[in-house]
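Undergrad: Once you've had a glance at the structure underneath, I'll fire off some questions.
The values are calculated or read from the model by the stated rules, or taken from the named source; none is laboratory data. These numbers come from a predicted model, not from an experiment. So basically every Cβ, Gly included, is an ideal-geometry build from the backbone, and we count neighbours across all protein chains shown. We work out accessible area using only protein heavy atoms, side chains counted, and drop any ligands, DNA or RNA first. Shrake-Rupley method; radii C 1.70, N 1.55, O 1.52, S 1.80 Å.
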Amino acid sequence: MSSGLEQVHVSAMLPTNVPLSHLGPSALLLLQLLLPPTSAFFPNIWSLLAAPSSITHQDLTEEAALNITLQLFLEQPPSSRPPLRLKDFLGRTLLADDLFAAYFGPGSSSRRFRAALGEVSRANAAQDFLPTSKNDPDQHFDAERLGQGRTRLVGALREAVVAARAFDNTLARQRLGAALHALQDQDFYSHSNWVEMGKKQPHPHLLWPRQELGNLAQVGDHTCSDCDKLSCPGNLLGYTLLTSGYFGTLPSKPPGKCSHGGHFDQSSSQPPRGGINKDSTSPGFSPHHMLHLQAAKLALLASIQAFSLLRSRLGDRGFSRLLDITPASSLSFVLDTTGSMGEEINAAKIQARRIVEQRRGSPMEPAHYVLVPFHDPALLHTPPLSDIFVFTDASPKDAFLTNRVESLTREQRCRVTFLVTEDPSRGQGRARREVLSPLRFEPYEVVALASGGDVIFTKDQHIQDVAAIVGDSMADLVTLPLEPPVVVPGRPLVFSVDGLLQRVTVRIHGEVSSFWIRNPEGVSQGQEEGQGPLGHTRHFGQFWMVTMNDPPQTGTWEIQVTAKGNPRVRVQAQTSLDFLFYFGVPMEDGPHPGLYPLTHPVAGLQTQLLVEVTGLGSRGNPGDPLPHFSHVVFRGVPEGPELGRVPLVPKGPRERGLLAASLPPMLLSAAGPFSLELIGQDGGGRDLHRAAPQSCMVVPVLLELSGPPGILAPGSKVPLSLRIASFSGPQDLDIRTSVNSSFALTSNLSRVRLEQNESAWGRLWLEVPDSVAPDSVVTVTVTATGREASPVAPTYAFLRLLVLAPAPQDQRAAPAHSSGPFLTTASPALRPSPLVTWGRAGGGLAGNLWWGTVGGVLLLLGLASW
């Protein structure tokens, strides 16, 4: 069934007194979408289990972004293609794949754009689960804290602008998600009585800090009458004062005030009973369920206004970077700048120049170029889903960082390829006397395996030829699964080619003596260089690359490799049909059921896999049915044993490509890496296979790091909340923390012992130096490592925070330093307690490391300060 956020219609709904500079004539039609007669907006797609046929925060966020992206495309015609026509998008589903195909050309991938929207949407939904936001009335416009909520809203938008201008788009998307949440159901339009007051437009002053909200109910004003039923359509007393409902017990509800309402609101049982929220279609959740349609319309219009405001502040180029409105990957070069690296540096320069010259002005021109020295933190500078190429002639000097880098590559979904000009078989390095370990390059192998990249050993004379693969790797490549996943002597590797693939490439690396490739018709090609019957072969040192002729023969292909050691084989191809994925835990025991996102699955914790298929408009032949994926296969890494095969269940309209599956218990029984593959059929009924380019990791414990509720200012000292939970068995852990060099970080938790289903809370204190530059980003890292008695793989939490310069009245004294850890089963209240809490570790699951960012309270100096 359709979500309802589908059809674009001409309307002039923009409030005339809101000066959004980028809303031209073409935008007017984008500000009104028809919604179905029954809808709601809970956090994300998983909420549909509680409210079927509903609209979620995810729907509203993505639909608003698609509207403003269409507006941008209409106002900025493509340079080498016909301009988009508005009439082509009227009365039809608005999809990212269609927009990208129309603007950038057929087959152009919207994967990065949809990944960016996913970051915003998940940050939006996470406001219902984070310990620093889920019960904060200021974050949700509850308890008549409308002025404070507006301050949080405009503060989050300003943080998004500042982070985007600092080129930290990951942090910017997190803050944008928090701001959009305030505009949508969980906040102003669903929790206040703006809709009941008969308003047909978004609040004209909500985004403008210098303007008064006006007509606010005061402390002594009675706003609601008693209602003893689930549905309370007439419980508001008058419709002239702006109010919102109280939720729970903090703060307590004064006499005569409205409640939020619903089964989980304790205040709704105290007179006046009932409530006024419009969160869903269900009377059990929402006493004013009959008005959720109007709230959804206004929330969508307000979200489009917020996106438009960001576009006007960042400009089209900055806004496009924020949402990754490009089919091209970002490109990062990491260079060893020692004196022996002249050839490598020259090769990197040539390749960078070649890519710029070939792709300048085209859709495949990289949106970001990053160039950093060998020992700089490239993954902190590089956007997600980027390609990173490391040029070096030496083994790593900081191998102790391997696990941390491996974890970051998985979180960022970046592909790292090492081009090494030192021969790994040599016992001595260049101009060295000491004997070198034969395992000295293992950290490179670990990072490459985790990220879906390669380690390519070559010689100085070949480095420019090998570097040519940089350009080949910049295309939108998908990984094709191999069976078996690793080379087994005497056994061919098998892979399937479907009708949606182009430019199939086989890469082989190792001490190879011979190999052959055979297509479905039985035609074979060996390792001879140059053009063969199946494609063109290139060979540089221990690296072989075979590019197949287009169009490739569909069906089952085979590769046979004879080599010493453990050669690596990877098969990739170009296509727009790909997928994104993330993990989450169902949260069904609160007022806003949904899926709480996780960066990694946790051993012993029931987890869902959410898949978003991109490029579903791709068809082998016009008129063929849509391709579809039916199952997901989980495999161990690196040998590839099958750990489970689970059906994929469609969620929402089929054209959106949203699928879900439960992770099998065997996979979650212990910590360790795994890979995932999707299988199905293309439009012509042929087998369809795709593999995630990066491996995933089941981590041993849940590690959650949450930021402070206020701003991070120069000279301030702020508390951070840390939660550690075990779901699979006893864990004896060392806890380590780190932060940027100029900052000070202390913790009251250095070791913890947990039994199964136990949690521990700790407190960190971050001191910001007076000298730190405002508008800079700081990264806090927490590592949980098993002690000798219980060795487990490290678990990491990364928290990005933004340092801002607040107005003097915003600065607040930090609370007194806590002397010991504190624990709780529900929320990180500041109270001492024993080290461990008993009971279900899942209670109060919140504070995911990804979204624990600054929830800034900012006093803007007026519109001009944006």
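Undergrad: Pick from region 293-316 the residues that are charged (D, E, K, R) and open to solvent by 10 Å² or more (accessible area, probe 1.4 Å): which of them is farthest from residue 182 (Cα to Cα)?
TA: Only one residue fits best here, namely 316.
Undergrad: Follow-up question, since we're still on this one. For residue 751, indicate whether it is over 17 Å from residue 718 (Cα atoms) and open to solvent by 30 Å² or more (accessible area, probe 1.4 Å).
TA: So residue 751 fits the description; yes.
Undergrad: I would also like to ask the following. Looking at region 564-583, is at least one residue outside any loop (DSSP other than H, G, I, E, B), hydroxyl-bearing (Ser, Thr, Tyr) and under 30 Å from residue 594 (Cα atoms)?
TA: Yes, region 564-583 contains at least one residue that is outside any loop (DSSP other than H, G, I, E, B), hydroxyl-bearing (Ser, Thr, Tyr) and under 30 Å from residue 594 (Cα atoms).
Undergrad: May I pose another question? Do we have any residue at all in region 216-226 that's open to solvent by 10 Å² or more (accessible area, probe 1.4 Å) and farther than 20 Å from residue 137 by Cα?
TA: The answer is yes, given that some residue of region 216-226 is open to solvent by 10 Å² or more (accessible area, probe 1.4 Å) and farther than 20 Å from residue 137 by Cα.
Undergrad: If we scan region 85-95, do we find a residue that is modelled with pLDDT of 85 or more and surrounded by 24 or more Cβ atoms within 10 Å (Cβ to Cβ)?
TA: No, every residue in region 85-95 fails to be modelled with pLDDT of 85 or more and surrounded by 24 or more Cβ atoms within 10 Å (Cβ to Cβ).
Undergrad: Scan 537, 556 and give me the residue that is of a type in the set (Val, Ile, Thr) and under 36 Å from the mean Cα position of the chain (by Cα).
TA: 556 is the lone residue from the list that is of a type in the set (Val, Ile, Thr) and under 36 Å from the mean Cα position of the chain (by Cα).
Undergrad: Next question. Condition (residue is in a loop (DSSP other than H, G, I, E, B), open to solvent by less than 10 Å² (accessible area, probe 1.4 Å) and within 18 Å of residue 261 (Cα to Cα)) applied to region 187-199: is it met by at least one residue?
TA: So far as region 187-199 goes, yes, one or more of its residues are in a loop (DSSP other than H, G, I, E, B), open to solvent by less than 10 Å² (accessible area, probe 1.4 Å) and within 18 Å of residue 261 (Cα to Cα).
Undergrad: Show the residue pairs meeting these rules: Cβ distance below 6 Å; 6+ apart or different chains; first residue within region 518-535 and closer than 16 Å to residue 507 by Cα and modelled with pLDDT of 95 or more; second residue acidic (Asp, Glu) and surrounded by 12 or more Cβ atoms within 10 Å (Cβ to Cβ).
TA: The qualifying pairs are 518/558.
Undergrad: Looking only at region 476-504, how many residues end up being open to solvent by 40 Å² or more (accessible area, probe 1.4 Å), part of a strand (DSSP E or B) and either within 27 Å of residue 565 (Cα to Cα) or touching a Cys at 6+ places or on another chain (Cβ under 6 Å) (or both)?
TA: So the count comes out to 4.
Undergrad: Then there is this: Within region 636-673, can you find the residues that are open to solvent by 20 Å² or more (accessible area, probe 1.4 Å), among the hydrophobic types (A, V, I, L, M, F, W, C) and closer than 26 Å to residue 756 by Cβ?
TA: Within region 636-673, 637, 643, 646, 666, 670, 671 meet the criteria.
Undergrad: Return the pair list, or none, for Cβ contacts closer than 8 Å from residues in region 753-764 that are on the phi > 0 side of the Ramachandran plot to residues that are open to solvent by 10 Å² or more (accessible area, probe 1.4 Å) and assigned to a loop (DSSP other than H, G, I, E, B), at least 6 apart or on different chains.
TA: From region 753-764, the pairs are 757/839; 757/840; 757/842.
Undergrad: Could you grab me the full set of residues in region 505-527 that are assigned to a loop (DSSP other than H, G, I, E, B) and either hydrophobic (A, V, I, L, M, F, W, C) or under 39 Å from the mean Cα position of the chain (by Cα) (or both)?
TA: Within region 505-527, 519, 520, 523 qualify.
Undergrad: Against the definition (part of a loop (DSSP other than H, G, I, E, B) and either out of contact with any Gly (no Cβ under 6 Å at 6 or more places or on another chain) or closer than 14 Å to residue 258 by Cα (or both)), how does residue 231 come out, yes or no? Step through it out loud before you land on a result.
TA: Numbers: part of a loop (DSSP other than H, G, I, E, B): yes; either out of contact with any Gly (no Cβ under 6 Å at 6 or more places or on another chain) or closer than 14 Å to residue 258 by Cα (or both): yes.
Yes; evaluated as a whole, the condition is true for this residue.
Undergrad: For region 586-607: of the residues being open to solvent by 10 Å² or more (accessible area, probe 1.4 Å) and part of a strand (DSSP E or B), which is nearest to residue 664 (Cα to Cα)?
TA: 586
Undergrad: Scan region 421-435 and tell me whether some residue there is more than 17 Å from residue 335 (Cα to Cα), among the small types (Gly, Ala, Ser) and at pLDDT 75 or above.
TA: no
Undergrad: Here is a check on your reading of the model: is residue 792 aliphatic (A, V, I, L, M) and at pLDDT 90 or above?
TA: For residue 792, the condition - aliphatic (A, V, I, L, M) and at pLDDT 90 or above - is not met.
Undergrad: Turning to a different aspect of this structure: Would you point out the residue of region 674-698, among those that are touching a residue at least 60 places away in the same chain (Cβ under 8 Å), within 19 Å of residue 585 (Cα to Cα) and in contact with a helix residue (DSSP H, G or I) (Cβ under 9 Å, 6 or more places away or on another chain), that is most open to solvent (accessible area, probe 1.4 Å)?
TA: This residue is 697.
Undergrad: Please find, within region 528-539, the residue that is nearest to residue 554 (Cα to Cα) out of those that are part of a strand (DSSP E or B) and open to solvent by 10 Å² or more (accessible area, probe 1.4 Å).
TA: Among them, the one singled out is 536.
Undergrad: Here is a follow-up. Within the bounds of region 700-722, is there any residue that is in a strand (DSSP E or B), over 30 Å from residue 163 (Cα atoms) and open to solvent by less than 40 Å² (accessible area, probe 1.4 Å)? I'd like the intermediate steps shown before the answer.
TA: First pass over region 700-722, keeping only residues in a strand (DSSP E or B): 702-706, 712, 717-722.
Add one more test, that the residue is over 30 Å from residue 163 (Cα atoms), and what stays is none.
No, the conditions are met nowhere in region 700-722.
Undergrad: Under 8 Å between Cβ atoms, which residue pairs at least 6 apart in sequence (or on different chains) link something in region 229-252 that is over 17 Å from residue 295 (Cβ atoms) and of a type in the set (S, T, N, Q) with a partner that is open to solvent by 10 Å² or more (accessible area, probe 1.4 Å) and not in a loop (DSSP other than H, G, I, E, B)?
TA: As it stands, the answer is 249/266; 252/246, since those pairs meet every condition given.
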